[in-house]
Every structure is written in structure tokens, then in C-alpha cells.
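Just so it is clear, none of the values below were taken in a lab; they were calculated from the coordinates. Owing to the predicted nature of the structure, the values given are computational and were not obtained by experimental measurement. No Cβ is skipped: glycine too gets one built from the backbone with ideal geometry, and neighbour counts run over all protein chains shown.
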Amino acid sequence: VTGQREEARRCLSTETFDLVVIGGGATGAGIARDAILRGLKVALIEKRDYGSGTSSRSSKLIHGGLRYLQQAQLKLVFEGTNERALLVHLAPHLVRPIPFLFPTYKGRFPTLGMMTAGLWLYDALAKFRTIRHKRHSARSVYTLEPELQRDKLSGGIVYYDAVTDDARLTLENLLDARDQGACVLNYARARGVRRDHGRVAGLEVEDLLAGGSFAVKARIVVNASGPWSDRVLEAIGVPPERPRLRPTKGTHILVDAKRLPAKHAVVMATHDKRVTFTIPWRHRTVIGTTDTDYQGDYDRVAATRADVEYLLATANHYFPSLGLTMDDVLATWAGLRPLIATEAAKTGDVSREHEIFVDQGGVLTIAGGKLTTYRRMARECVDDVIRELKHRGFAEEVRPCTTEDRPLPGAMGLGEHHSLEQIALEVARRADVDEEVAHNLVFTYGVNAPRLAEMIAQDRRLGARIDPEMPYVWAQVDHAVRTELAATVDDVLGRRVPLLLMARDQGLGVAPEVARRMGALLGWTDEQRERSLAQYEDVVADSRRFRTEPAAEATA
Ligand SMILES: Cc1cc2nc3c(=O)[nH]c(=O)nc-3n(C[C@H](O)[C@H](O)[C@H](O)COP(=O)(O)OP(=O)(O)OC[C@H]3O[C@@H](n4cnc5c(N)ncnc54)[C@H](O)[C@@H]3O)c2cc1C
């Protein structure tokens with residue numbers, strides 16, 4: 001394990017690439033995977049962990065975006081629903097349809113009539129490929145969700161969208177790219193473009209773990225750094241003439257599912273006509289999100305007390321009998337939407353479309369869009385890269401894009417005779433773990449879950465739960481380090497085994513043991529281990545900062 005990073009760094013500094021991607025979020029990982037599958041030589045660098053930016057801080061929905069109908073952005077909805085159908089098919093272990101309930105109230109926007117018309121259009125744009133929406137009477141709605149506000153309830157609609165684990169979806173793209181031959185390095189920051197006779201010749205990269213810097217030789221630089229895009233362009237010496245992005249901040253809070261026991265994802269319209277959700281997620285319920293302009297540190301985006309109060313007030317309005325308070329909040333996360341700058345006055349009106357900008361000779365920036373459309377964005381970007389390469393006499397023999405048909409690795413070979421449920425049974429038997437653990441392994445690693453079952457069969461201690469309430473087991477920690485490029489405690493507990501979000505203590509209790517195991521595998525010194533642990537404790541502290549903010553000074 002210890003040599004993996006050194007090997008990646010050696011490969012990056014000795015070979016010549018067709019493209020080097022900056023940013024290992026969903027967009028960058030998608031681009032690396034698409035490009036390597038077409039036969040290009042690909043490098044990718046990420047300044048922290050893969051998926052640690054916006055791609056682990058979303059609402060985790062793979063959706064058409066019902067609210068874009070309100071803004072008549074039909075193309076966006078069409079693209080989103082189409083991608084949703086594809087991802088449910090190409091990654092069923094990670095992207096699962098769930099029912100959404102949109103309750104409507106007399107005298108409030110939107111009315112049941114409006115919603116019915118909207119949902120017909122939504123299902124039609126999805127070419128009626130999902131389970132169709134169903135209209136319900138008020139009585140039927142409160143049978144479905146008994147805790148919902150009943151006063152003036154006029155009815156509701158149940159429709160289907162999909163949920164995922166955003167960080168895992170990103171990681172699986174990245175790992176597939178690596179397995180196909182892309183050279184990838186985490187904790188590696190882009191510092192400057194290298195030029196040869198004025199033309200891009202590569203990137204200067206700083207190694208944030210091992211120290212020092214090195215050069216990557218590449219014909220094209222793709223800036224896929226999401227909300228950081230403008231800043232990265234400045235940092236690498238090609239500043240944009242005007243800011244191209246207007247990132248807005250979104251916060252989520254997480255409560256115990258016992259405190260908010262909704263079976264459906266519930267759509268909640270706010271007083272300012274925004275759409276928010278409660279979403280069932282394992283043993284928890286997610287409430288989100290806010291949408292505010294942001295001027296703070298991009299690397300430490302956190303929930304404020306005002307964000308948390310706004311979300312609790314919305315949830316309490318819809319579920320008045322529950323009386324949720326700040327003490328119910330187990331975890332929070334916040335991120336920046338990489339939105340393209342427009343003249344829109346309200347943050348919610350800023351377009352969710354994406355754009356590819358071509359800068360001075362060889363730097364392409366792709367920004368905007370959504371997690372849902374990452375595959376499509378990647379395809380367009382790689383098309384542009386190939387056009388540029390061909391124009392310069394390279395990339396003569398490339399293959400067409402295959403990501404529309406090729407399953408993600410965890411779904412490779414799945415079929416009617418080999419279902420995820422069957423694999424879960426096999427895993428439970430081979431590893432001698434309970435059903436919930438087996439289920440979690442299969443709906444995380446897909447067809448690769450038996451590899452972890454085998455690890456557990458060899459050493460039973462690896463099948464023990466890390467946290468008694470959650471179905472994560474120790475084998476996942478070892479696997480994260482050995483095969484999934486986890487390099488810090490935060491990489492493991494923040495995204496690969498996300499106790500940061502799910503555990504009551506956010507993983508603080510087990511973090512020292514995780515650090516010890518990682519240290520043994522990665523050959524850490526005591527000082528490295530303590531540093532990684534302290535850094536994780538900082539991440540947890542940031543997510544809890546809202547608790548200590550005085551109410552009067554809280555700002556969104
Ligand atoms: C609150 C919120 C809710 C959302 N909900 C949804 C949803 O439900 N469904 C949906 O489809 N979309 C949703 N989105 C949008 C979606 O999350 C983003 O569009 C998507 O994750 C962006 O991915 P990205 O790869 O472009 O950016 P990121 O994931 O931010 O990746 C950019 C990466 O670049 C790295 N980087 C930055 N600077 C450098 C440098 N100098 N060198 C190297 N690397 C660098 C960063 O560390 C980061 O990992 C939501 C967004 C937010 C904020």
C-alpha cells in the first residue's frame with residue numbers, strides 16, 4: 001500500500017498525457033473515465049480527496065429537477081430525467097428510485113392542480129420510463145405520512161426520483177478511470193500552467209502530502225474544479241476576464257429517522273417559494289437545503305446557526321407535532337453550487353446549466369451543471385478535447401464515447417440471473433454477517449462486495465461493526481486504504497465509511513483506531529497519525545460550529 005502514491009507521482013512526472021484534469025469531483029472523475037475509455041492518455045490531480053468538494057455535499061438526488069419546470073427549463077429537466085434513467089440502469093447498486101410526496105395546501109403555492117399538470121410534464125419528459133406519479137386526496141396523504149401538517153391539506157402527489165451516495169458515485173468513476181490506466185493523484189494541487197512556445201505543455205503540481213512540486217506534461221489542461229474554477233484559473237496563471245461563476249451555498253442537516261419518521265422523501269415549499277426536502281437516508285432523515293450567496297473560505301464551508309434554524313423551521317412547519325430542535329441535529333454538511341454567473345437577482349434563479357469555456361490555447365474550463373448530469377458533461381468536454389487534439393494533429397485513433405452503455409464497475413455483469421439481492425445472500429453466508437451488513441456491502445460495492453466478504457471470511461474480526469448502530473464493518477476501512485486511495489482519516493470516515501454523517505458521535509470515538517489501522521497500512525509515523533486524527537477532529541468541529549454561534553450574530 002505504501003508505494004501506491006509514489007508510483008502515481010512517478011507516472012505523472014515521467015509520461016506525457018493528452019489531457020490533465022484538475023479536480024476529482026463528479027465532473028473531473030467523469031471526464032477522466034470517459035477520456036481513458038476512448039483511448040486518450042489521461043492524468044487527474046485533486047487537491048484533497050476525490051469527491052471531497054461539492055460532490056459529497058449535495059442533496060444526493062439524481063433527478064430531473066421538478067423545480068426547473070417552474071422556470072420553464074424543459075431542456076434541463078429532459079436531460080436530468082434521461083440521465084436518471086441511465087444511471088439507475090448503469091449503477092443500480094448506487095442509484096435507487098425512491099418515492100417523493102409533494103403535499104399541497106389550500107391557499108398556498110403550488111396548488112394540487114398545478115402540481116398534477118407539472119408531474120404529467122415531468123413524467124412525459126422522462127418518456128414515462130419511471131413509475132408514474134399518483135394523485136392523492138388529503139385523507140390518503142395523511143395515511144401515507146401521519147406526522148404531516150393536516151391544517152388546510154388539500155391533497156398531494158407521489159412521484160419517483162432517485163437517490164445516491166454522491167461521494168461514492170464520484171469515487172467509482174475515478175477508480176474505474178484509474179483501473180483503465182488513468183494516472184490519478186490526490187492531495188496534489190495545480191499551481192501553474194507550463195507553456196512551450198506559448199502553447200500549453202502541462203501543469204506545475206504541488207504535492208500536499210509528500211511535499212515538493214513536480215511537472216505533468218500534457219497537451220491540454222481541463223479545469224474541472226467546480227466552484228473553485230475561477231480561483232484555479234487565477235492560480236495557474238490564466239485569470240478569467242470576469243468571474244464566470246456565482247457559487248451559492250447550500251446546507252443540509254441530519255436527524256435521527258426516529259425523530260422524523262417519514263417513509264417518503266417529502267417536498268416542502270418554503271415561504272419564499274423555494275423547494276426543500278426531507279429525504280430518508282439509512283437510519284437518518286436529511287433536511288435540505290438552503291440557497292444563499294457566499295463570501296467565506298471555499299475550503300471550509302459550514303452550516304451556520306441561521307441555516308440550521310431555517311431548515312428546522314421549515315421541517316417543523318410541515319411536521320408540527322415533532323418539535324425538532326437544534327439538539328436533534330446529529331450532523332450537518334454544506335457546499336457551494338458551481339453556478340454559472342448570470343444577471344439573476346435571486347440565488348434560486350441562477351441557471352443550473354453547464355458551460356465549457358476555452359481559454360488561451362489549451363486550457364478548457366467546464367463548470368456548472370449538476371451531479372445528475374456529470375456523465376453528459378464529461379462526454380461533451382471530452383468531445384471538445386478530442387476536437388482540439390485532432391486540430392493539432394494528435395488523437396488520430398480514438399474510440400467513440402461508451403459511457404452511455406458501459407455499467408459502472410459495481411454493476412459490471414449484473415443481469416437477470418445475477419441480481420444484487422442474490423449477491424447479498426452470498427455475502428451474508430460467506431462472511432457470516434447479518435443481513436443489514438451484507439445489504440450495505442452490496443449497495444456500496446455492487447458485484448465487488450464478495451471481495452470484502454472474502455476478506456472477512458479470512459479474518460472474522462473484519463466483519464465486526466465499526467459503530468453498533470450502523471452497518472459499516474472494519475473490512476471497509478482496510479479496503480478504503482488498500483484499494484480506494486484513502487490517504488487520511490477524513491477520507492475514510494468522511495466519505496468511504498461516512499460515520500461523519502451517520503454516527504451519533506460523528507465517528508470521533510472510533511477515529512483513533514481508524515488512524516492506527518491506517519497508519520499500520522500506510523507506514524505513518526506517530527506524528528503523521530496524530531496530524532491526520534487532528535485534521536478529522538477539525539472537520540467534525542466545523543460541522544458543529546453552528547452550535548456555538550450566538551443566535552443574534554448568526555448569518556446565512
Ligand atoms: C447544497 C447542494 C445540493 C446539491 N444537490 C444536488 C442534487 O441533489 N442533485 C444534483 O444532481 N446536483 C446537486 N448539486 C450540484 C452538484 O453537487 C454539483 O454540480 C457537482 O457535485 C459538481 O461537481 P464538480 O466535480 O464540478 O465540483 P466539485 O465536486 O466541487 O469538484 C471540484 C474539485 O476540484 C478540486 N480542486 C479545487 N482547486 C484545485 C486545485 N488547485 N488543484 C486540484 N484540485 C482542485 C476540489 O478539491 C474539488 O474536489 C448540489 C450542490 C449543492 C452545493
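Ordering of 109-118, 78-87 by packing is 78-87, 109-118, highest average first (other Cβ atoms within 10 Å, averaged per residue). Counting alpha carbon pairs within less than 8 Å and at least 6 residues apart, what relative contact order, in whole percent, applies to region 191-331? Across region 191-331, relative contact order equals 19 percent.
Protection proxy ranking for 29-37, 226-234, using the average of other Cβ atoms within 10 Å per residue and placing the highest first: 29-37, 226-234. An oblate overall shape is assigned to region 436-527, the ratio a/c of its alpha-carbon gyration tensor axes (a ≥ b ≥ c) being 1.5 or greater and a/b not exceeding b/c.
In this structure, Arg406 and Glu15 have a Cβ-Cβ separation that, at R0 = 30 Å, corresponds to a calculated FRET efficiency of about 0.75. From the Kirkwood radius over Cα pairs of region 302-343, Stokes-Einstein at 25 °C and 0.890 mPa s returns a whole-number translational diffusion coefficient of 203 µm²/s. The slack between Lys127 and Arg242, meaning 0.36 nm per residue of separation minus the straight C-alpha distance, is 37.5 nm.
Computed extension gain for Thr270 through Tyr298, at 0.36 nm per residue and net of the alpha carbon distance, reaches 7.4 nm. Using just its DSSP H runs of length 4 or more, each adding -39500 (n - 2.57), the chain gives a mean residue ellipticity at 222 nm of -10500 deg cm²/dmol after division by all residues. Beyond 24 Å in Cα-Cα separation lie the following of the pairs Lys60/Lys152; Lys249/Lys273; Lys41/Lys75; Lys217/Lys390; Lys106/Lys258; Lys127/Lys152: Lys60/Lys152; Lys41/Lys75; Lys106/Lys258; Lys127/Lys152.
In this rough spin-label picture, where each label sits 7 Å from Cα along the Cβ direction, the Ala313-Lys134 distance is 3.6 nm. Across region 91-180, the mean sequence separation of Cα contacts (distance under 8 Å, 6 or more residues apart), normalised by length, yields a relative contact order of 44 percent. Each of Leu425 and Arg195 was given a label point 7 Å from its Cα along the Cα-to-Cβ line. The distance between the two points is 6.4 nm.
Which part of region 431-463 falls in the paramagnetic zone of Lys263, meaning amide N under 14 Å from the point 7 Å along Cα-to-beta-carbon? Correct set: none at all.
Relative to the current alpha-carbon distance between Phe109 and Glu549, full extension at 0.36 nm per residue lengthens the span by 155.1 nm. Computed from the C-beta positions of Lys75 and Glu537 and an R0 of 56 Å, the FRET efficiency is 0.80 to the nearest 0.05. Counting only the backbone N, which residues of region 239-255 are under 13 Å from the spot 7 Å out from the Cα of Glu147 toward its beta-carbon? Hits in region 239-255 for Glu147 at 13 Å: 254-255. Rounded to the nearest angstrom and listed largest first, the equivalent-ellipsoid semi-axes of the chain from its Cα gyration tensor are 36, 29, 24.
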